[in-house]
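Inspection log for the structure reproduced underneath, given as structure tokens.
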Amino acid sequence: MPNPVLANLIQNLAQKTGRVEDLQLDWQEATIPMSQNRLNKLLEELINNAFKLSEEGTPVWVNSYS
């Protein structure tokens, strides 16, 4: 599971779009060489686009592997 800050960000994005049921997380802790703010912005943009560009009921996967 992502760290609590990222988990909260991802869940909030799913709730804002009404797509909580479509969100699928497969997350392992990983070291990402960027600031927390940049990572948050990157995830927010990617997840928002995934929800916008997919039909409701389509799973949106967030995967992280180390």
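Quick notes on this one:
- Test result for V62, in contact (Cβ under 8 Å) with a residue 24 or more places away in the chain, open to solvent by 60 Å² or more (accessible area, probe 1.4 Å) and not hydroxyl-bearing (S, T, Y): no
- Within segment 1-26, being open to solvent by 40 Å² or more (accessible area, probe 1.4 Å), over 17 Å from G57 (Cβ atoms) and not in a helix (DSSP H, G or I) holds for M1, N3, L25, D26.
- Every residue from segment 39-59 that is surrounded by 11 or more Cβ atoms within 10 Å (Cβ to Cβ) and either β-branched (V, I, T) or more than 11 Å from the chain's Cα centre (by Cα) (or both): I47, S54, T58, P59
The values are calculated or read from the model by the stated rules, or taken from the named source; none is laboratory data. Computed from a predicted structure; not experimentally measured. In this analysis, Cβ positions are derived from the backbone assuming ideal geometry, glycine residues included, and neighbour counts consider all displayed protein chains. For accessibility, only protein heavy atoms count, side chains too; no ligands or nucleic acids. Shrake-Rupley method; radii C 1.70, N 1.55, O 1.52, S 1.80 Å.
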